[in-house]
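The structure appears below as structure tokens.
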Amino acid sequence: MNIRTWIGFFITGCLLIFFIQGIRLFEKEWEVRKVQSEQFTKFPLKPIHLPETSYLLDRDSQLFAEIGPTNRLYVSLDEIPLFLQQLFVLSEDHMFYEHKGFDLLAITRALITNVKTQGIEQGGSTITQQLVRNVYLSHDQTYERKLQEILYAYQLEQIYTKKQILEYYLNAIYFHNGIYGIGSAAQFYFQKRVPDLTKGEQAFLAAIPNNPSKYNPLKHFDDTKQRQERLIDLLVEHGMLTSQEGEQIKREPIQLHLKRKVDRFPDYAVYVEHELKQLIAEQEGYTARLHEATDETEIKHIQEELDQRVQTILESGVYIHTALFPTVQERAVASVQKVLQGTGIQGAAVVIDHTNHEIVAITGGVHYKKYDFHRGFQAFRQPGSAIKPLLVYGPYIERYQPPLTKRVNVGAFCYQGYCPQNYGGTTYGWVSLLQAFAKSYNTPAVRLVHEMGIKSAFQYFNLFSFSRVNEMDQKLPAAIGGLTYGVSPLELTDAYTVFQNGTYVPARAIRKVTDKEGNVLYDWKDERTIVWSEETVKKMRMLLQEVVRTGTAQSLKRPKSSFVGGKTGTTNEFKDFWFIGITDQWTAGVWVGKDRPENLQTWERTNPELRIWEELFQ
């Protein structure tokens, strides 16, 4: 060994002595004065927050999706067997219950090793330090970060008990394959709750976090098993197990039973996340604040604050109970796919149980992928004649209560330069209200709105939840679907639920949001709005029924139901096709078109919207 090496070791030894003595003095002074050092003011500790997974449940409380940035199921220390606790304490930090956040001897040994290797190979970290690293700091291997880690660990021990620190640690550590915490590890690798793990399985899981890549059971099972056995030997050496018990645990066969993350029905799950944001905004005052805000900067700030609040809720591990009807959702997705696959045309379907105003199914489009553009609630298109029941005939009948045999003029109509035309430019003279509705003639619809006044018609129309309809739309072209921005498939289908009994309540996907203990955190407090009288509803249902009997939807193969009615809608240049239909239990809407609107006249005679609706109810 040359002289330079000897000098290096001598200097290192001196530094180690000064370092250890300095830490001892530092610790002693801290204990005496019971005050935080000036150094700590640079590293203020926030409360420990470990993001958890949240769960989406269907109408029968069955899990259909897990959401959140982290796959973690938090478990209390009381649920974690003492055997498993001992494994981690003995293997990772055998002085855990004696030190005050850091272990001087362990740090010294690590420093000596690092000097020998001329790098940072070991850290000498306690369980408290590892928790600090997982929660507050990075995993960079630098001496500056190590000092921060020690300071944080000391302060952490002043705030939390050893039991709390161990609980946080066991829920924070990484088990590879996107799994955090012992609760999720037990589920993912064995499909078990932590208390149900055998001792062999507990030791096997305890082997992973020391080096998750090296001990990843899916790629290096034998390495993980070998470390498991070394951990068991360690317990034997310390008298926590007899040799016979240790050998028996090691002989226990380890069979992995992987549980993949549940992620079914992405079309519905994405909408639920959207609705959750609406629900939180409504109940925590963000909606009111946004309505009152006038400055763009203020609006942006409120929206960012809301996004952070939603993220916090999702990271708290909530259960979102929904109205999802899995078989109906599957049929809705399959129906759109079957009719439109390979055509280059898009579409969306929405199904609402109008007896309790719940969204049971919603689709995002052909070959929809999670978090893509969702056509069910994000696509706003002109509704065409599908708007007539809501803006024209409903208000007109409510105001005048005419018999459906009343004659209306289907001839040419012009007002202040606006001259709508019927399909093909045809005129038909005088026909009954029933026929005008069933055949979806345009000129009588505009005449009726003109007669009662566009503002009067919109007094009823504005009772529904059309988010992009505004005062600019209060013009005669609206009577046949001419709106500035349009409506979404969900909004239009939702509005049609009024024809069940004349009252309107916004349809929701979310029934309630609860915490892990079942306490209700959020649920909708919607009020019922009376829109139509009983007589108006009766007449409107007759009109809707006539559409599928003799009108524009007469080719529809009707499902077995005591009532089937609906309304078609086709926009200018055949850019959009709609059909909103009603049965005894369901209100279901279908939209067909392209994301970039273009003429689809060649598809008109195939009635894709009716075919999708038929498939839904086969």
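Just a few scattered comments:
- With DNA, RNA and ligands ignored, accessible area of ASP263 (1.4 Å probe; Å², nearest 10): 80
- Only DSSP H runs of four or more residues enter the estimate; each adds -39500 (n - 2.57), and after division by the residues of the chain the mean residue ellipticity at 222 nm equals -13000 deg cm²/dmol.
- Three-way shape label, the stretch 333-450, alpha-carbon gyration tensor, a/c 1.5: prolate
- Exposure rank, largest accessible area first [LYS406, LYS163; 1.4 Å]: LYS163, LYS406
- The heavy atoms of ILE280 offer some 0 square angstrom of accessible surface to a 1.4 angstrom probe.
- Furthest towards positive pole of dipole, GLN337, LEU404, MET540, structure part the chain, Cβ charges: LEU404
- Antiparallel DSSP beta bridges within the chain, percent to nearest 5: 90
- Cα shape, the stretch 263-408, gyration tensor, a/c 1.5 rule: oblate
- Rolling a 1.4 angstrom probe over the stretch 500-618 with all protein chains present gives an accessible area of which 41% lies on carbon and sulfur atoms.
- Dipole axis of the chain (+1 Lys, Arg; -1 Asp, Glu on Cβ), positive-most option in GLN283, PRO217, VAL531: VAL531
- Percent carbon-and-sulfur accessible area, the stretch 252-400, ignoring ligands, DNA and RNA, probe 1.4 Å: 49
- Tensor-based shape of the chain (alpha-carbon gyration tensor, a/c under 1.5 rounded, otherwise prolate or oblate): prolate
- Rg/Rh for the stretch 276-334 (Cα atoms only, Rh after Kirkwood) is 1.16.
- Largest-first ordering by accessible area, 1.4 Å probe, given options SER76, SER467: SER467, SER76
- Computed over the stretch 150-199, the convex hull of the alpha-carbon atoms projects to a mean area of 4.4 nm².
- For TRP524, TRP532, the ranking by accessible surface with the largest value first comes to TRP524, TRP532, using a 1.4 Å probe.
- Solvent-accessible area of LEU256, all protein chains in place: 50 Å² (probe radius 1.4 Å, heavy atoms, ligands and nucleic acids excluded).
- Between the stretch 453-483 and the stretch 533-549, the alpha-carbon center distance in angstrom: 21
- Euclidean distance between Cα centres, the stretch 351-379 to the stretch 226-257, Å: 52
- Those lysines that a straight Cα-Cα span of less than 30 Å connects to LYS370, excepting residues fewer than 8 apart in one chain: LYS192, LYS219, LYS259, LYS261, LYS277, LYS300, LYS338, LYS512, LYS516, LYS525, LYS575, LYS594
- 1.4 Å probe accessible area per residue over the chain, in Å²: 48
- Partners for LYS567 among aspartates and glutamates (Cα-Cα distance below 12 Å; same-chain residues under 8 apart left out): GLU546, GLU609
- Applying a DSSP loop filter and a limit of 14 other Cβ atoms within 10 Å to the trypsin sites (Lys or Arg not before Pro) in the stretch 548-618 leaves LYS557, LYS560.
The values are calculated or read from the model by the stated rules, or taken from the named source; none is laboratory data. This one's a predicted model, so the numbers in the text were calculated from it and none came from an experiment. Cβ atoms come from the backbone with ideal geometry, glycine included; neighbour counts cover every protein chain shown. Surface areas here come from the heavy atoms of the whole protein model, side chains and all, with no ligands, DNA or RNA. Shrake-Rupley method; radii C 1.70, N 1.55, O 1.52, S 1.80 Å.
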